[in-house]
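Enquirer: I'd like to ask some things about the structure below.
The values are calculated or read from the model by the stated rules, or taken from the named source; none is laboratory data. What you see is a predicted model, and the numbers here were worked out from it, not measured in a lab. Every residue, glycine among them, receives a Cβ derived from its backbone with ideal geometry; neighbour counts consider all protein chains shown. In case anyone asks, the SASA skips ligands and DNA or RNA and just uses the protein heavy atoms, side chains included. Shrake-Rupley method; radii C 1.70, N 1.55, O 1.52, S 1.80 Å.
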Amino acid sequence: MIISDKNKYIFIRTQKVGGTSITRALPKPNRGFMKSDRTWIEGQTGRRMDPNHIPAKYIKQLIDPCKVDEYFKFSIARNPYDRAVSLYHYLTRMGKHKYINFECFIRNIHKIEWYGVQMSQSEFIGEVDYVIKFENLQTDFNTVCKKIGVPHKQLQHYKKTDNRRHYRDYYDDETKQIIVNKFQDDIDRFGYTF
């Protein structure tokens, strides 16, 4: 989560949606929570969480509720099929899962204990003023820049997976249905299809 008191915005940062690109493009000064804040955050919310990725439902426990009500809130959503492939490659690269292939990973996605995986993007984001679509990242980011009164900046691509195929190539009927069952609210709210 990134907060700017100067430009009066809160960026609710979901995982594997281009959040690093947005965070690095936003003008400084802004502030977020640091890794050293984990204990304080856990004390305030009763939950252990990554300070960069705090679900909307906990924000009023961490910052002035008036700011939450008054500031422009935005986030990013990504097609859940594409996001699951990105997550698989990221966790594979980081050595954070034990599954031999994507199919096995998706069959066991309910067991993955990594921040935000067990929560849909829709639930994580909550009610915001604007949702950037990953598929329109630059255009939607430009819209946000205009709304918060900061200059447009060309986004850079960070944490890119090399040699990755199109997400559709990873799925069979069973794994597609697992994603539908787990992330139906994202599919409905953000209008995603396979």
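Enquirer: Given the options GLN138, GLN15, GLN154, which has the most mean-square fluctuation in a GNM of the chain, springs set between C-alpha atoms less than 10 angstrom apart?
Expert: Result for the chain, Cα springs under 10 Å: GLN154 fluctuates most.
Enquirer: Give me the distance in nm between label points sitting 7 Å out from Cα along the Cα-to-Cβ direction at THR139 and ASP69, one decimal.
Expert: Roughly 3.6 nm, to one decimal.
Enquirer: Okay, moving on. Over 27 Å between Cα atoms: which of LYS28/LYS96; LYS28/LYS146; LYS153/LYS176; LYS60/LYS160; LYS57/LYS153; LYS60/LYS146 fall into that group? Don't jump to the answer; show the numbers that get you there.
Expert: On the way: LYS28/LYS96 32 Å; LYS28/LYS146 16 Å; LYS153/LYS176 36 Å; LYS60/LYS160 33 Å; LYS57/LYS153 29 Å; LYS60/LYS146 25 Å.
Too far apart for the 27 Å limit: LYS28/LYS96; LYS153/LYS176; LYS60/LYS160; LYS57/LYS153.
Enquirer: Moving to a separate point now. Using protein chains only and a probe of 1.4 angstrom, how many square angstrom of HIS166 are accessible, to the nearest 10?
Expert: Counting only protein heavy atoms, HIS166 exposes about 90 Å² to solvent.
Enquirer: Further, regarding this structure: Under 17 Å from the 7 Å Cα→Cβ point of ARG47, by amide nitrogen: which residues of the stretch 19-33?
Expert: Under 17 Å, as judged by backbone N against the label point of ARG47, lie 33 of the stretch 19-33.
Enquirer: Same structure, new question: In bins 5 Å wide, starting from 0, what share of all Cα pairs of the chain does each bin hold, as a percent?
Expert: 1, 7, 16, 20, 20, 16, 12, 6, 2, 0
Enquirer: What accessible surface, in Å², does a 1.4 Å probe find on ILE100, ignoring ligands, DNA and RNA and rounding to the nearest 10?
Expert: That residue has around 150 Å² of solvent-accessible surface.
Enquirer: At 1.4 Å probe size, with no ligands or nucleic acids counted, give the accessible surface of LYS160 in Å², nearest ten.
Expert: Near enough 130 Å² of accessible area.
Enquirer: Still on this structure: Please turn the phi angles of the stretch 129-134 into ³J(HN,Hα) values with the Karplus equation 6.51 cos²θ - 1.76 cosθ + 1.60 (θ = phi - 60°), one per residue in order, whole Hz, x for glycine and proline.
Expert: Working through the residues one at a time gives 7, 7, 10, 6, 8, 3 Hz.
Enquirer: Rounded to the nearest 20 Debye, what is the dipole magnitude of the stretch 88-190 about its Cα centre when Lys and Arg each give +1 and Asp and Glu each give -1 at the C-beta?
Expert: On the way: 17 positive and 15 negative charges, 111 e Å.
That gives the stretch 88-190 a dipole magnitude of about 540 debye.
Enquirer: Please report the Cα spread of the stretch 1-94 along all three principal axes, rounded to whole Å, starting with the longest.
Expert: Taking max minus min along each principal axis of the Cα atoms, the stretch 1-94 gives 38, 28, 21 Å.
Enquirer: What's the longest uninterrupted piece of the chain once you rule out the GluC sites (Glu not before Pro) that are loop residues per DSSP with at most 15 other Cβ within 10 Å?
Expert: On the way: sites that count: GLU113, GLU127.
Result, exposed sites excluded: 1-112.
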